[in-house]
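Colleague: Sharing a structure below in structure tokens format, with a few things to ask.
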Amino acid sequence: MIFQDFNQMIPLIEQISSNFTSQTLECSLNSHTIIIVRSGYISISAQDQEPVVCTQGFACHPQYGPYYIQVPKTKEVEYVVITYRVFPEDSVWTLNGPLSTISEFKIHYMVDELIRTSHEIQTSSDEEAAMHQVRKRLMLERILFIYLNDSRIGQEKKFTDHSMEEILSYINEHYMVKLTLPMLARRAGISEGHYTVLFKKHTGTTMTNYLHHIRIEKAKTMFLQTDLLAKEIAQKVGFNDYFHFSKIFKKTTGYSPTSFKEAETNI
């Protein structure tokens, strides 16, 4: 849902800097960061995540920080760090992870302009400073648009029907354990927003509804074939909260778990 999110918000640059050495990026709660590699490559990792080699762009989300940027010891590297906020402040903005583009020349040109403009603002009149701020915002929007669009196109080329079948097979085999959107998106190698869109496109429903459907069908089978208690069945199909299981079961079948068991027994 990235483009839908982008349509509702305004990104404003807080800080931009050129960097040549390794560092740790601390992410404040309300700020996002985009890293743009100008030359060479860097390795980026976050808490509980494997390092990713980055040659173009990388989006850092405050939820997953801090981020550790490692520069190769034998290579000269330059990368730019842009920190920005999104407004309104309660806007949903889930951009995170590697970004790719076929328009690196455009990106680098705008980065040069952003750095130059940032220096000019310090010596400008109030009117000129306001003009430069608007220009910076428009360039940041353009950079984000290019990365979003080009990354989306690249992901769609990589993400085939076979890939979705593998994901659905994985969910069907592991429905009884905790499955989350971030976990499955990382497994698929795409962003959470793009995963959500492609999942619904291929299945006609959301991941949560799909998972609930599988779990309830498995529960119905257990009610018919075993003498397990409803609470035991709830846990076996992946519901740690029995009341949540009961609510979803009734919404799906029209019966409470107990009523379903009684109705099937009396047939």
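Colleague: Within segment 64-72, identify whether any single residue is modelled with pLDDT under 90, not in a loop (DSSP other than H, G, I, E, B) and not assigned by TED's automatic domain parsing to the domain that holds R186, and answer yes or no.
Modeller: yes
Colleague: Could you grab me the full set of residues in segment 32-50 that are at positive phi and of a type in the set (G, A, S)?
Modeller: The answer is G40, and nothing else.
Colleague: Where the second residue is assigned to a helix (DSSP H, G or I) and at pLDDT below 85 and the first is over 25 Å from S246 (Cβ atoms) and lies in segment 195-214, which pairs have Cβ atoms under 6 Å and are six or more apart or on separate chains?
Modeller: That search, which allows pairs on different chains as well, returns Y195/A185; Y195/A188; H202/M164.
Colleague: I would also like to ask the following. Give me the residue from segment 32-52 that is under 18 Å from the mean Cα position of the chain (by Cα) and not in a strand (DSSP E or B) and, out of that set, farthest from Q70 (Cα to Cα).
Modeller: D48
Colleague: Considering only segment 145-167, state which residues are surrounded by 16 or more Cβ atoms within 10 Å (Cβ to Cβ), under 15 Å from I2 (Cα atoms) and modelled with pLDDT of 80 or more.
Modeller: Scanning segment 145-167 gives I146, Y147, L148, D150.
Colleague: Can you tell me which residue is surrounded by the fewest Cβ atoms within 10 Å (Cβ to Cβ) among those in segment 1-52 that are within 20 Å of V92 (Cβ to Cβ) and without any contact (Cβ under 8 Å) to a residue 12 or more places away in the chain?
Modeller: It comes out as N7.
Colleague: So which of E113, E78 is over 20 Å from the mean Cα position of the chain (by Cα), modelled with pLDDT of 85 or more, of a type outside the set (A, V, I, L, M) and within 15 Å of I35 (Cβ to Cβ)?
Modeller: One residue alone meets the criteria, E78.
Colleague: Which one of L29, L12 is assigned by TED's automatic domain parsing to the domain that holds R137, in contact with a helix residue (DSSP H, G or I) (Cβ under 8 Å, 6 or more places away or on another chain), on the phi < 0 side of the Ramachandran plot and outside any strand (DSSP E or B)?
Modeller: The conditions single out L29.
Colleague: Somewhere in segment 134-144, is a residue more than 24 Å from F58 (Cβ to Cβ) and either modelled with pLDDT of 85 or more or assigned by TED's automatic domain parsing to the domain that holds T258 (or both)?
Modeller: Yes, segment 134-144 contains a residue that is more than 24 Å from F58 (Cβ to Cβ) and either modelled with pLDDT of 85 or more or assigned by TED's automatic domain parsing to the domain that holds T258 (or both).
Colleague: Go through (1) modelled with pLDDT of 90 or more; (2) more than 24 Å from the chain's Cα centre (by Cα) one by one and return the number of the condition Y175 breaks.
Modeller: Just one mismatch for Y175, condition (2).
Colleague: Hey, another quick one. Just for segment 53-75: of the residues that are farther than 23 Å from E14 by Cα and loosely packed, with under 14 Cβ neighbours inside 10 Å, which one is farthest from the chain's Cα centre (by Cα)?
Modeller: Within segment 53-75, the match that is farthest from the chain's Cα centre (by Cα) is T74.
Colleague: Here's something else I'd like to know. Could you list, ordered by first residue, the pairs with Cβ atoms under 7 Å in which the first is in segment 70-83 and of a type in the set (K, R) and the second is modelled with pLDDT under 95, at least 6 apart or interchain?
Modeller: K75/G40
Colleague: How many residues are among the acidic types (D, E) and under 20 Å from E173 (Cβ atoms) if we restrict to segment 215-251?
Modeller: 1
Colleague: With the checklist (1) outside the structural domain of T33 (by TED's automatic domain parsing); (2) of a type outside the set (A, V, I, L, M); (3) modelled with pLDDT of 85 or more in hand, flag the one item G193 doesn't pass.
Modeller: If we test G193 against (1) outside the structural domain of T33 (by TED's automatic domain parsing); (2) of a type outside the set (A, V, I, L, M); (3) modelled with pLDDT of 85 or more, just (3) comes out false.
The values are calculated or read from the model by the stated rules, or taken from the named source; none is laboratory data. The shown structure was predicted, so the numbers you read here are calculated from the model rather than taken from an experiment. When we count neighbours, we look across all protein chains shown, and the Cβ atoms used for this are built from the backbone with ideal geometry, even at glycine.
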